[in-house]
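Here the structure is laid out as C-alpha cells; the discussion comes afterwards.
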Amino acid sequence: MYAKFIILVFLWGITRLAAEAQPAGWSLPTPQNQLSTSLIPYPAEVTGGKGTVRFSCLKVAGGGGAEQFPQLRAELEEVALDRGMVAGGKDCLPVRFVPGGSSKAAGSVEAESYTLSVSDKEVRITAAGFQGFFNGLQTLRQLIVKEKKGYGIARCIIKDMPAFSVRGVMLDVGRNFASVDFIKKLARRLSHYKINMLHLHLTDDPGWRVEVKSHPELTDTATFWKTRQPGKFYTQQELADLVDYCAGLGMRVLPEVDMPGHSASFRKGVGADMQSVKGMEVLKEALDEIIPLFPDPWFHIGSDEVHFKMEAFMPEMIRYVRGKHKEVVVWSPGYVPDTAAVRMCWGENEAGHALDKSARYIDCNGFYLDWMDSQTGVPQVFFQQPCEVPRGDARALGSIFCVWTDGALGSEQRLLEQYPFYPCVLTFAERIWRGSREKRRDCMARIPSKGTEEWKAFAEFERRLIYHRDHYFAGIPFAYVEQADMEWRLIGPFDHHGQNDFSFDPERIIKEEYAVNDTVLGWQSREACGGAVQIRSLYDMFNAHRKVFRPGHWPTLMSPVVGTGPGTCYALTYIESPVDQEVWLMFGLNGMWGHSGGYRSGRAPEQGSWDYEGGDVWLNDERVNPPHWPFQSLPWTGWGRGRIEIPLTQEGYFFRPPVKIHLKKGMNKMLVRTVSGPWKGDLGDRKWQFCCMPVQWDGLHYTEVKGLKYHAR
C-alpha cells in the first residue's frame, strides 16, 4: 500500500511539473548597463550621458534638503570616507539635495523614490524627504570610481523607486547572540543596498536576550542553553541606541518577542509556562518595558509552531499589545487573529501552506538563509517573486530575509562565514527593490538553459554581484563565484540497491548509453548550467520524515527521472585551461550538515570520503582526495544537545578550505558521482546536489580562474 502511495505522489508531482511549466522568456527587463560601475539594486530607469565628471572630494551644496535634514551632511561625509576621499580637498563636487514632489506618507514607496543627475557642475538628488535622499546617496556611493588621480562619476540621470515598501533582514539573536557593534556593522552595510528594516528575533528557547528590569530572572545565566552564549543579552540602553543608529540609516527596527512558543528560557526563568496566569502576568510586565524601546508602529509576537492550550492567551496578549498603540505582526502559519494583523508568511515551501493574501502580508517564502548554500542560494533568491505580485500594494508589503541560527555558532563572525550571507542578501536587495513580473518556480532550483532570456538576466546580475564582491568586500567573507557559463551532462539514476558507494560504468568509460539490467540509461539531452547543480530540490523532501513528498516543487533537470527515491547520478564536464596551472577545487555534496533541523540534514563526511552518502569526484580519471576532516560525524540527538550544539567547522563546501588540483593545458575531464538514499543508519532524506568548481582562493575569498572554458560534450 505504501509503495502505491509513493507512486501516486510521484505521478502527482510530474503532473504538477507540467502544469506549472513557465512560458519561455523573461519579462523583467535585463539592465543594459551604461555606467562604469555596477549598481545593486539596479535602478528603475538609468539614462547614461557622455563622459565622466572628475573631482577629488564631495561637499554639500547649501539650502534645500541639506537644511531640512542635517543628517544628510553626515551621510555624505560617510560616503566620501567609505570611498577613501580626504575631506576639504580641491575640486570638490557639490551634492545638492532638492526637495521635490508632493509629501508622501512615511513608509510608502513614493517616499523612498529619488532622482539623481550628474553634471559637470554638481550632483543633484531630488526627493520628497529624508528616505529618498538617503537612497539617492547610496546610489551615488556605488557610482563613484577611484581613478589614478582623484575620482570619477559617469554623467547620468537616474529615476528610481522601490517595488516594495518592506525590504528587511531578520537576525535570530535569540538562538545565537550577536553584539550590538556587530549588528551595527551589518546594518550599515545593509543600508548601502537600500534594506530598510532590521527584524530582531529577540527571544527563543535557548535564551531571552532583552533586559527586563522588573524581572531579572529572565536573563539569569541559568536560564540559557549552556551552548548558546549564556548570560548574553541586550540592555535597554543598548537597544535604544541601536534603534537610534538604525534610524539614521533610514532603517526601521522590528522587535519580536516570541509567544507562546519557543519560550523554554522564559519558562525556566519564571517557573511557569507563558500559557498560565502567572506567565501572562510576567509577560505583560516585560512588554511594559520592552515596547517603549522601539518606536516602530509594529510589534512582532511570533505565534508559530506551538500548541495553544490556553484559549485566552493569544486574544489577551494581542489586545494588550494593541492597547499600547502597536500593530501586531504574526507568523503565518501561526495564530492569525483578524485582518488587522500583519501576516509574516513562511510556510509555502516548508509546510505546504499557500501564501495568505487575505490581509497585509510579508512574504518570507524561499528567503530562509539557513537552508541556502552560496552557489545555489543566489539563483534561488534571484528568481523569486516577492509577495507573488509584480509590485507592492496596500496588502503586499514586501519581504524579510530570515537568518535563522538553529545550530550553535562558534562566534558571531560565523554568521558571515558559514552562511552565504552577503551574496544572498545582495541578491535579495536586487529582487525586493526591483520586484519581478512572474514567479519562476522552474528556475529556483536550476540555472536556466544557456542562451535563454532567463539565463541572460541571471548572468548579467551575476556579473554585477562579482563586481561588488571584488570592489566592496575586501576582508569580508563573500563566498560566491561566477558560474553561469559552466555546463554539465547528467545521467541517472543508477540503482545502487542500498550500496551508496557502488561504482558504475561511467567511472570507467564514457558512452552515450549504459545497459543496467533491463534498463538503458542515457545522458540527459539538455545540459545543466552552474557550478552547483541540484539533482533534487530540498523542498521535494523537506517533510520526508513525515512521509510527505512534493516531487518537482522546485523542478530540476533531473526531477522527472529521480522522483523521491534513492539512486546514483553522474555529472560530466570538460574544462579547457589555457595553461598548465595549480588551482583550487571548491567541492561539496548534498548541502553539508545544515543550519536548521538536524533530522533533515546530512551527516558529516567520514574520513577518506567526500560526503556521508558515497559521492566522489575525479579529475582526468584520477580521484581528487578529500581533506582530513577536523570533526566527527555525529547522529541527530534532538534540539539543545548532540551535533547541533557543536559549532560547524569545515562541513560546508563554501566555507572550508578548498583542495589543490592541477589543470593541464587543454581539456580536463571532470566527473562527479552524486548519491542519494539511506546509508549506514542515516535516512538520506534531503536535497540532492553537488558543487564542483575550479577556483582561486586567498584564504578568505573564492574567485574565478581566468580563461577557463567549459564544454559539456
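The values are calculated or read from the model by the stated rules, or taken from the named source; none is laboratory data. Here the structure is a predicted model, which means the values were calculated and not measured. A quick note on method: Cβ atoms are made from the backbone with ideal geometry, for glycine too, and the neighbour counts reach across all protein chains shown. For accessibility, only protein heavy atoms count, side chains too; no ligands or nucleic acids. Shrake-Rupley method; radii C 1.70, N 1.55, O 1.52, S 1.80 Å.
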Given [x] 17, 49, 30, 4, 0; [y] 15, 35, 26, 18, 6, 0; [z] 15, 40, 31, 13, 1, 0, the label whose value is P(r) over Cα pairs in 20 Å bins from 0, in percent derived from this model: [x]
Cut-off under 5 Å, modelled amide H: who pairs with LEU93 long-range: SER56, CYS57, LEU58, LYS59
Where a Cα-Cα gap under 24 Å defines reach, which lysines qualify for LYS547, not counting those fewer than 8 residues away within the same chain? LYS4, LYS680, LYS687
Under 26 Å from LYS709, Cα to Cα: lysines that are on another chain or at least 8 residues apart: LYS450, LYS456, LYS511, LYS660, LYS664, LYS665, LYS669
What ³J(HN,Hα) values, in whole Hz, does the Karplus curve 6.51 cos²θ - 1.76 cosθ + 1.60 give for region 608-625 when θ = phi - 60°, with x put for Gly and Pro? x, 10, 7, 8, 6, 9, x, x, 7, 8, 10, 10, 6, 6, 10, 4, 8, 6
Where the centroid of each part is defined by its Cα atoms, how far is region 363-383 from region 28-67 in Å? 29
Using the heavy atoms of the protein chains and a 1.4 angstrom probe, tell me the accessible area per residue for region 112-187 in square angstrom. 30
So for the pair ARG54, ALA351, with labels modelled 7 Å out along Cα→Cβ, what separation do we get in nm? 6.0
³J(HN,Hα) across region 261-274 via Karplus (A = 6.51, B = -1.76, C = 1.60, θ = phi - 60°), whole Hz, x for Gly/Pro? x, 6, 10, 4, 5, 4, 4, 5, x, 7, x, 8, 5, 4
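Suppose all protein chains stay in the model; what accessible area per residue would a 1.4 Å probe give for region 556-712, in Å²? Could you put the intermediate results ahead of the total?
Working: 5680 Å² over 157 residues.
Accessible surface, normalised per residue, equals 36 Å².
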Per residue, how much accessible surface does region 404-552 expose to a 1.4 Å probe? Answer in Å², no decimals. 35
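For region 68-148, which GluC sites (Glu not before Pro) are in a loop by DSSP, counting at most 14 other Cβ atoms within 10 Å? Spell out each step's value before the answer.
Details: sites: GLU75, GLU77, GLU78, GLU110, GLU112, GLU122, GLU147; in loops: GLU122, GLU147.
Filter output for region 68-148: GLU147.
Report the number of Lys pairs in region 270-381 whose alpha-carbons are under 23 Å apart, with separation of 8 or more residues or on distinct chains. Walk me through the intermediate numbers first.
Numbers: LYS278/LYS309; LYS278/LYS324; LYS284/LYS309; LYS284/LYS324; LYS284/LYS326; LYS326/LYS357.
So the count of such lysine pairs works out to 6.
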Placing each pseudo-label 7 Å from Cα in the direction of the beta carbon, ARG526 and THR30 end up separated by a distance in nanometres of 1.7
Over the chain, what is the relative contact order in whole percent, taking alpha-carbon pairs under 8 Å and six or more residues apart? 12
For the pair GLU77 and SER358, what calculated FRET efficiency results from E = 1/(1 + (r/R0)^6), where r is the Cβ-Cβ distance and R0 = 45 Å, to the nearest 0.05? 0.45
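May I ask you to derive the FRET efficiency for THR452 and LYS706 from their Cβ-Cβ distance with R0 = 22 Å, giving the value to the nearest 0.05? Each step should come with its number before you reach the end.
Numbers: r = 26 Å, r/R0 = 1.17.
Once rounded, the FRET efficiency stands at 0.30.
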DSSP-defined beta bridges in the chain - what % are antiparallel, rounded to 5: 65
Checking the cross-link filter: which aspartates and glutamates have an alpha carbon closer than 13 Å to that of LYS50, excluding same-chain neighbours under 8 positions apart? ASP120
HN-Hα J in Hz across region 645-659 - Karplus 6.51, -1.76, 1.60, θ = phi - 60°, x for Gly and Pro: 9, 9, x, 5, 10, 10, 5, x, 4, 8, 10, 9, x, x, 9
For region 277-293 and region 646-701, what is the separation of their Cα centres, given in Å? 48
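Using the beta-carbon distance between ALA106 and TRP639 and R0 = 51 Å, what value does 1/(1 + (r/R0)^6) give for FRET efficiency, to the nearest 0.05?
Numbers: r = 40 Å, r/R0 = 0.79.
Working from the Cβ atoms, E equals 0.80.
Taking 0.36 nm per intervening residue step and subtracting the Cα-Cα distance, what contour gain separates LYS680 from ARG508 on full extension?
Details: separation 172, 0.36 × 172 = 61.92 nm, distance 2.59 nm.
Taking LYS680 through ARG508 to full extension adds about 59.3 nm, to one decimal.
Taking 8 Å as the Cα distance limit and 6 or more residues as the minimum spacing, I'd like the relative contact order of region 155-278 as a percentage. Could the numbers behind the result be given before it?
Details: 193 pairs, mean separation 35.4, N = 124.
So the answer I get is 29 percent.
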Just the number, please: carbon plus sulfur as a percent of the accessible area of the chain, 1.4 Å probe, no ligands or DNA/RNA counted. 53
For ALA340 and ALA222, extending 7 Å from Cα along the Cα-Cβ vector and measuring point to point gives, in nm, a value of 4.1
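For a distance above 13 Å, tell me the whole-number percent of Cα pairs in region 453-500 that qualify.
In whole percent, the long-distance tail amounts to 69.
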